[in-house]
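*Asks:* So that we are looking at the same thing, I have put the structure below in structure tokens.
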Amino acid sequence: MLTEILTDEQLINLYTTPGYLVAVDYPKKEVTLHTVDCMLADPISSVGVKPSKARENKTGEFWVSESRDEAISKAEEIAKNKEYTYTVCPICDR
Ligand SMILES: [Zn+2]
């Protein structure tokens with residue numbers, strides 16, 4: 001099931017659950033696929049995504065699914081609709 005992530009806390013709580021994060025960065029026009037345990041998908045990490053802030057500033061959106069295929073479908077759909085670049089994170093690619 002695909003779930004929209006609206007706050008940092010929601011994502012932090014999913015850290016130990018197997019799953020995939022679709023991170024959409026509006027300013028960069030990028031859609032990136034991560035595993036939820038990637039450091040770039042960790043709001044606590046200084047380099048990680050910050051869903052609360054992105055939502056507040058309208059700079060991005062985030063979706064999580066336990067299914068890699070479902071997450072990829074969502075990422076590709078957003079990339080196609082918004083004409084963004086879709087990439088799989090090189091750090092957590094698996
Ligand atoms: Zn990653």
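The values are calculated or read from the model by the stated rules, or taken from the named source; none is laboratory data. Remember, predicted model here, so these are calculated numbers, not experimental data. For accessibility, only protein heavy atoms count, side chains too; no ligands or nucleic acids. Shrake-Rupley method; radii C 1.70, N 1.55, O 1.52, S 1.80 Å.
*Asks:* Give the shape of the chain as rounded, prolate or oblate, defined through the alpha-carbon gyration tensor: a ≥ b ≥ c are the square roots of its eigenvalues, a/c under 1.5 means rounded, and otherwise the shape is prolate if a/b is larger than b/c and oblate if not. Kindly include the intermediate steps, with their values, before the conclusion.
*Replies:* Working: a/c = 1.43, a/b = 1.10, b/c = 1.30.
Taking the square roots of the gyration eigenvalues as a ≥ b ≥ c, the chain is rounded.
*Asks:* Search the structure for amide H atoms under 5 Å from the amide H of Tyr86, placed 1.01 Å from N in the peptide plane, and list their residues when 5 or more places away or on another chain.
*Replies:* Long-range HN contacts for Tyr86: Val31.
*Asks:* Would you mind working out the accessible area per residue for the chain, using a 1.4 Å probe, and quoting it in Å²?
*Replies:* Per-residue accessible area for the chain comes out at 59 Å².
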